[in-house]
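Here's the structure, in structure tokens; my notes come after.
The values are calculated or read from the model by the stated rules, or taken from the named source; none is laboratory data. Note that the structure is predicted; figures quoted are calculated from it, not measured. Counting neighbours? That spans all protein chains shown, and the Cβs are built from the backbone with ideal geometry, glycine included.
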Amino acid sequence: MATAGKVIKCRAAVAWEPTAPLMMEEIEVAPSQEGEIQIKVVATGVCHTDLYHLFEGKDKCGFPSVLGHEGAGVVESVGPGVTDFKPGDKAIPLFLSQCGECKFCKCPKTNLCDRNNRTIFHIIFHPLAFFGNVSFSLWQTVINQIAVAKIDDDAPLDRVCLLGCSISTGYGAAVNTAGVIPGSVCAMFGLGAVGLAAVMGCKNAGASHIFAVDINEQKFEKAKIFGATDFLNPKAYNKPISEVLSEMTSGGVDFSLECVGNTEVMRTALESCVKGWGVCVLVGWTDVKDISARPIQLISGKTWKRSLFGGFKSKDSLPKLVDDYMTSKIKLDEFITHKMSLEQVNNAVNLMKTGIRCILNISK
Ligand code: NAD
Ligand code: ZN
Ligand code: ZN
């Protein structure tokens with residue numbers, strides 16, 4: 001509890017403005033207040049949504065900010081009124097909180113808690129924005145206990161950090177939001193960590209065929225490890241991939257998931273579903289572009305859904321997902337391609353642009 005109640009100075013990767021490289025800076029982290037805990041960050045993944053914020057979001061209000069929302073760490077100290085944690089606990093901060101009290105938390109239909117974190121980072125008296133509810137490209141962070149999950153003491157933090165976003169997102173989109181059922185035919189658009197996790201969800205839910213669709217054929221080998229059975233590169237065909245899928249499946253797939261963040265692919269994913277009962281789930285992220293579809297697609301009995309954080313009530317579900325990894329019900333190790341130090345964060349960002357996902361070791 002040595003740092004309890006004190007302003008902490010620590011190193012962080014700061015995004016000063018859109019598209020510019022991140023800069024390593026010394027920042028100040030405010031002391032924990034009522035209900036807050038201070039966490040020593042051990043590892044964080046780099047998710048495509050970090051890149052989106054940096055390169056595509058064009059939201060200047062969100063800068064300067066500390067990116068990173070897929071981390072894990074150890075509780076260093078706890079503020080007044082904290083009941084869920086003690087120093088030494090392993091923890092995963094959540095970009096989606098679960099306060100348990102708002103009308104969204106009380107409703108079983110959604111995981112969209114509407115309570116957010118306060119600003120705790122400052123740089124030369126300038127407040128730094130959070131990314132989502134959390135920020136993880138730094139050594140220390142302070143966060144309200146409603147946005148932190150306590151996990152198994154034996155969990156390896158440099159792997160379970162992936163459950164803080166991409167893997168829970170893709171896996172839950174298949175098992176919760178789509179509700180994939182045994183014997184069904186599924187199609188995955190985009191085979192980054194989110195799409196691969198969705199493939200794993202379809203497989204665990206008992207899908208009989210899983211079509212893996214990506215313009216980068218190097219992704220197919222990994223998709224096979226997670227359970228994909230058929231592999232399609234849309235660029236290799238001279239007709240829409242929805243038509244190809246329709247021919248291969250006598251009318252379309254039962255479930256399709258868009259894990260790219262491209263509005264054209266979102267439309268294609270809907271068009272790839274079978275009429276009558278096909279379900280298409282949007283997982284990819286964009287808040288600056290519109291989607292379009294012919295109403296007949298929906299009138300014919302298809303359903304278009306969306307998924308945030310895989311539909312999981314975050315704080316309740318994360319410890320169970322960690323247990324699922326510890327008991328080999330879900331894979332995590334297979335997602336990791338590179339490990340780097342925090343100082344190499346710009347290399348990790350550049351690799352992510354080419355579809356390679358890195359884990360950053362923040363502190364040992
Ligand atoms: P990623 O960049 O690692 O993977 C994207 C994949 O899509 C790549 O393999 C790429 O080759 C492929 N792709 C690109 N264009 C394509 C096309 N036209 N057709 C088919 N495949 C194509 O990204 P990621 O980290 O796996 O994230 C995927 C998406 O999910 C992003 O949009 C991200 O912002 C979003 N996301 C959403 C949530 C949520 O809660 N809804 C959470 C995390 C991430
Ligand atoms: Zn993410
Ligand atoms: Zn809530």
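Summary of computed values
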| item | result |
| --- | --- |
| Among (1) modelled with pLDDT under 85; (2) more than 15 Å from A30 (Cα to Cα); (3) within 16 Å of ligand 1 (Cβ to nearest atom), the one test that S135 misses | (2) |
| Residue among V279, V288 that alone is crowded, with 22+ Cβ neighbours inside 10 Å and on the phi < 0 side of the Ramachandran plot | V279 |
| Unique residue being in contact with a Leu (Cβ under 9 Å, 6 or more places away or on another chain) and assigned to a helix (DSSP H, G or I) when the list is S242, S246, S256 | S242 |
| Pick from segment 54-112, criterion within 16 Å of ligand 3 (Cβ to nearest atom) and polar (S, T, N, Q), ranking: farthest from C165 (Cα to Cα) | T110 |
| Hits in segment 5-19 (condition: surrounded by 15 or more Cβ atoms within 10 Å (Cβ to Cβ) and more than 30 Å from M352 (Cα to Cα)) | I8 |
| Selected residue (criterion: farthest from ligand 3 (Cβ to nearest atom)) from residues of segment 225-266 that are among the charged types (D, E, K, R) and touching a residue at least 12 places away in the same chain (Cβ under 8 Å) | K235 |
| Counted residues, segment 144-170 - those being over 14 Å from H69 (Cα atoms), within 16 Å of ligand 3 (Cβ to nearest atom) and modelled with pLDDT of 95 or more | 0 |
| Residue within segment 296-305 that is within 27 Å of Q218 (Cβ to Cβ) and either outside any loop (DSSP other than H, G, I, E, B) or hydroxyl-bearing (S, T, Y) (or both) present | no |
| Boolean, G81 is modelled with pLDDT of 90 or more, closer than 20 Å to F95 by Cβ and not aliphatic (A, V, I, L, M) | no |
| Some residue of segment 85-93 being closer than 21 Å to D316 by Cα and within 16 Å of ligand 2 (Cβ to nearest atom) | yes |
| Number of the condition not met by S292 [criteria: (1) in contact (Cβ under 8 Å) with a residue 40 or more places away in the chain; (2) outside any helix (DSSP H, G or I); (3) of a type outside the set (V, I, T)] | (1) |
| Residue in segment 72-85 that is outside any strand (DSSP E or B), on the phi < 0 side of the Ramachandran plot and without any contact (Cβ under 8 Å) to a residue 40 or more places away in the chain present | no |
| Meets criteria (under 19 Å from G192 (Cα atoms) and at pLDDT 90 or above) for K315 | no |
| Residue within segment 82-91 that is in contact with a helix residue (DSSP H, G or I) (Cβ under 6 Å, 6 or more places away or on another chain), more than 12 Å from T141 (Cα to Cα) and within 11 Å of ligand 1 (Cβ to nearest atom) present | no |
| Residue that is surrounded by the most Cβ atoms within 10 Å (Cβ to Cβ), among those in segment 59-94 that are touching a Lys or Arg at 6+ places or on another chain (Cβ under 8 Å) and within 25 Å of A348 (Cβ to Cβ) | A72 |
| Candidates A223, A212 - the one that is crowded, with 20+ Cβ neighbours inside 10 Å, farther than 27 Å from A293 by Cα, at pLDDT 95 or above and not acidic (D, E) | A223 |
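Each row is one residue, and each column tells you yes or no for (1) buried (at least 24 other Cβ atoms within 10 Å of the Cβ); (2) under 20 Å from the mean Cα position of the chain (by Cα); (3) part of a strand (DSSP E or B).
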site: I143; (1), (2), (3): yes, yes, yes
site: I146; (1), (2), (3): no, yes, no
site: D154; (1), (2), (3): no, no, no
site: S168; (1), (2), (3): yes, yes, no
site: G172; (1), (2), (3): yes, yes, no
site: I181; (1), (2), (3): no, no, no
site: A197; (1), (2), (3): yes, yes, no
site: C202; (1), (2), (3): yes, yes, no
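Matching residues to (1) within 16 Å of ligand 2 (Cβ to nearest atom); (2) surrounded by 17 or more Cβ atoms within 10 Å (Cβ to Cβ); (3) closer than 29 Å to G310 by Cα:
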{"residue": "P21", "(1), (2), (3)": "no, no, no"}
{"residue": "I27", "(1), (2), (3)": "no, yes, no"}
{"residue": "S32", "(1), (2), (3)": "no, yes, no"}
{"residue": "E36", "(1), (2), (3)": "no, yes, yes"}
{"residue": "K40", "(1), (2), (3)": "no, yes, yes"}
